[in-house]
Amino acid sequence: MTKQHANWSPYDNNGGSCVAIAGSDYCVIAADTRMSTGYNILTRDYSKISHLAEKCVMASSGFQADVKALQKVLSARHLTYQHQHNKQMSCPAMAQLLSNTLYYKRFFPYYSFNVLGGLDSEGKGCVFTYDAVGSYERVGYSSQGSGSTLIMPFLDNQLKSPSPLLLPAQDAVTPLSEAEAVDLVKTVFASATERDIYTGDKVEIVILNAGGIHREFMDLRKD
Amino acid sequence: MFRNQYDTDVTTWSPAGRLFQVEYAMEAVKQGSAAIGLRSKTHVVLACVNKANSELSSHQKKIFKVDDHIGVAIAGLTADGRVLSRYMRSECINYNYTYESPLPVGRLVVQLADKAQVCTQRSWKRPYGVGLLVAGLDESGAHLYYNCPSGNYFEYQAFAIGSRSQAAKTYLERKFNNFTASSREDLIKDALIATRESLQGEKLRSSVCTIAVVGVGEPFHILDQETVQQLIDTFEIVREEETAPAEPEAAAEQDAATDQASGADQGGAGNQGGADQGGSPMDI
């Protein structure tokens with residue numbers, strides 16, 4: 001006698017891809033704006049990016065209802081923090097908060113695959129990558145979502161530091177400029193759009209640096 | 001008020017129908033240092049006197065931001081005030097989370113009043129010993145409320161609570177008719193003058209007072225010390241200029257003010273003359 005399974009799921013996958021790249025004094029966070037369900041498109045113009053704190057931006061793909069709820073919870077918690085500490089949360093602090101919030105629902109998770117980007121307390125770019133239940137790590141770059149399997153290997157090829165074990169020793173990768181990073185993001189999304197049906201329409205690119213926050217859009221293939 | 005046999009519990013009525021513990025709580029508000037609030041059609045200003053216990057300590061925080069559109073000034077037991085501010089902040093955050101819109105001030109003060117009332121009807125609790133001046137903006141405009149330890153709340157055009165608040169209230173009573181149409185700058189100036197009245201003789205400096213503003217298009221925020229000192233200097237300077245051309249009005253008020261000790265206050269009357277002329281250059 002096989003176990004009976006639910007004929008209804010509380011989750012849905014709205015697709016989409018997210019990327020973040022950290023630089024020496026900037027951070028680029030990007031996500032496409034397509035929201036799908038099954039083989040259908042719900043809208044071509046939905047933002048997956050949330051500006052949680054002054055120097056901290058989160059991009060999330062997965063089930064957008066859970067993403068929205070998660071954004072609201074973090075936003076409310078950030079307000080409380082500001083009341084108590086009289087300052088904005090730093091990106092590493094928000095990173096820990098996000099992890100704790102996700103694990104809080106360990107047994108009914110937020111179906112949200114997140115990538116957090118911003119500037120740390122020294123002004124350097126930082127990117128944190130998560131799974132659905134809060135396991136996280138600080139990295140130099142990351143991608144999540146339906147296109148991540150296509151995007152991540154390409155980012156590894158372009159951005160990964162050479163191993164210190166190599167002989168002859170190879171130089172550390174020359175630091176990426178902000179313009180190069182943005183260009184890389186555009187390239188990466190254009191490529192992912194080609195083969196991932198859930199990625200397309202537009203890519204929203206957010207750049208965080210000492211001068212503040214800057215947002216731009218780029219059109220992608222709509223098929 | 002004197003001790004009597006009906007004042008031990010908050011749950012005991014006196015034969016005259018009074019709850020003495022509640023009245024004693026309102027006394028605690030009168031003992032705290034002054035807090036003042038005034039509102040125009042579009043702005044609300046809160047001001048308070050900040051007296052440190054000694055030169056060595058910092059002064060207590062008496063003005064709290066509750067949300068972008070609401071702020072509160074307290075007088076009395078500041079610890080109770082802090083706790084109530086935390087409650088107010090929490091209510092605003094929860095409302096915003098559910099309705100994605102700001103909590104209307106009127107609702108918040110009712111919730112606060114109901115919370116205070118509970119403490120007047122439980123034998124294991126005591127009333128909050130703090131009076132709150134709640135300043136906020138909502139769709140119907142700018143509002144200023146006063147919440148009592150008794151659980152009552154009132155809306156005001158202008159009000160002052162705490163010790164020596166009567167001096168500030170007297171000033172506000174003279175001027176309040178003009179407040180609705182006041183500009184932001186004039187409103188802040190009136191708040192500073194009312195604060196000075198509460199100081200009664202002591203020189204008004206930005207280190208002894210705190211000013212906060214909320215208005216249409218302007219989230220609630222506390223003005224920093226430098227700005228406040230500049231504002232004080234601006235109208236103190238004007239006051240010195242105005243005492244020379246003595247107006248009959250100013251002369252009459254100076255007679256009334258002769259018993260005030262410090263020189264800083266003698267010009268207070270002259271400033272009324274200046275303010276009535278409308279010639280104060282308030283550039284912030």
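The values are calculated or read from the model by the stated rules, or taken from the named source; none is laboratory data. These figures come from a predicted structure and were not determined experimentally. All Cβ positions, glycine included, derive from the backbone under ideal geometry; neighbour counts span all protein chains shown. Note: accessible area is taken over every heavy atom of the protein model, side chains too, but ligands, DNA and RNA are not part of it. Shrake-Rupley method; radii C 1.70, N 1.55, O 1.52, S 1.80 Å.
Pull up the stretch A:191-223, narrow it to residues that are of a type in the set (Asp, Glu) and open to solvent by 100 Å² or more (accessible area, probe 1.4 Å), then point me to the one that is farthest from the chain's Cα centre (by Cα). Break it down into steps so the answer makes sense when it comes.
Pass one, the stretch A:191-223, residues of a type in the set (Asp, Glu): A:194, A:196, A:201, A:204, A:216, A:219, A:223.
Those left that are additionally open to solvent by 100 Å² or more (accessible area, probe 1.4 Å): A:194, A:219, A:223.
Details: A:194: 20, A:219: 19, A:223: 23 Å.
Checked the stretch A:191-223; the qualifying residue farthest from the chain's Cα centre (by Cα) is A:223.
Reported count of residues in the stretch B:92-145, each being crowded, with 18+ Cβ neighbours inside 10 Å, under 17 Å from residue B:45 (Cα atoms) and of a type outside the set (Ser, Thr, Tyr), is 11.
All of (1) exposed (fewer than 14 other Cβ atoms within 10 Å of the Cβ); (2) under 17 Å from residue A:149 (Cβ atoms); (3) not aromatic (Phe, Trp, Tyr) hold for residue A:19 with one exception: (1). Scanning the stretch A:126-143 for residues that are buried (at least 19 other Cβ atoms within 10 Å of the Cβ) and closer than 16 Å to residue A:160 by Cα gives A:126, A:127, A:128, A:129, A:141, A:142, A:143.
Of the set (1) open to solvent by 30 Å² or more (accessible area, probe 1.4 Å); (2) over 16 Å from the mean Cα position of the chain (by Cα), all apply to residue A:35 but (2). Of all the residues in the stretch B:41-91, those that are closer than 20 Å to residue B:29 by Cα, of a type in the set (Val, Ile, Thr) and within 14 Å of chain A (Cβ to nearest Cβ) number 3. Of all residues in the stretch A:66-100 being closer than 21 Å to residue A:144 by Cβ and within 14 Å of another protein chain (Cβ to nearest Cβ), which is surrounded by the fewest Cβ atoms within 10 Å (Cβ to Cβ)? Checking each candidate, the answer is A:68. The lone criterion from (1) touching a Gly at 6+ places or on another chain (Cβ under 6 Å); (2) at pLDDT 90 or above left unmet by residue B:249 is number (2).
Quick one: in the stretch A:39-65, which of the residues that are β-branched (Val, Ile, Thr) and open to solvent by 30 Å² or more (accessible area, probe 1.4 Å) is nearest to the other protein chains (Cβ to nearest Cβ)?
Going through the stretch A:39-65, the residues β-branched (Val, Ile, Thr) turn out to be A:41, A:43, A:49, A:57.
Checking which are open to solvent by 30 Å² or more (accessible area, probe 1.4 Å) leaves us with A:41, A:43.
Values: A:41: 26, A:43: 19 Å.
The selected residue is A:43.
Take residue A:96 and tell me if it is part of a helix (DSSP H, G or I), touching a strand residue (DSSP E or B) at 6+ places or on another chain (Cβ under 9 Å) and closer than 24 Å to residue A:25 by Cα. Let's see the steps before the verdict.
Numbers: part of a helix (DSSP H, G or I): yes; touching a strand residue (DSSP E or B) at 6+ places or on another chain (Cβ under 9 Å): yes; closer than 24 Å to residue A:25 by Cα: yes.
Taking the combined requirement at face value, the residue satisfies it.
For beta carbons closer than 6 Å, sequence separation of 6+ or different chains, a first residue in the stretch B:108-126 that is touching a residue at least 40 places away in the same chain (Cβ under 8 Å) and more than 24 Å from residue B:95 (Cα to Cα) and a second that is in a helix (DSSP H, G or I) and among the aliphatic types (A, V, I, L, M), the qualifying pairs are B:120/B:22.
Taking the stretch B:53-106 as the range and being polar (S, T, N, Q) and more than 17 Å from the chain's Cα centre (by Cα) as the test, the residues that pass are B:53, B:54, B:57, B:58, B:90, B:94, B:96, B:98, B:101.
For residue A:80, the test of being more than 17 Å from residue A:56 (Cβ to Cβ), hydroxyl-bearing (Ser, Thr, Tyr) and without any contact (Cβ under 8 Å) to a residue 12 or more places away in the chain is failed. Cβ-Cβ contacts under 9 Å between residues 6 or more apart (or on different chains), taken from a first residue in the stretch A:94-113 that is more than 23 Å from residue A:35 (Cα to Cα) to a second residue that is of a type in the set (S, T, N, Q) and surrounded by fewer than 14 Cβ atoms within 10 Å (Cβ to Cβ), are listed as A:99/A:135; A:103/A:135.
State which residue is nearest to residue B:161 (Cα to Cα) when the search covers only the stretch B:69-83 and only residues that are of a type outside the set (Val, Ile, Thr) and in contact (Cβ under 8 Å) with a residue 40 or more places away in the chain.
Step one: filter the stretch B:69-83 for residues of a type outside the set (Val, Ile, Thr), giving B:69, B:71, B:73, B:75-77, B:79-82.
Keeping just the survivors that are in contact (Cβ under 8 Å) with a residue 40 or more places away in the chain gives B:69, B:71, B:73, B:75-77, B:80-81.
Numbers: B:69: 22, B:71: 16, B:73: 10, B:75: 7, B:76: 9, B:77: 13, B:80: 16, B:81: 14 Å.
The residue in question is B:75.
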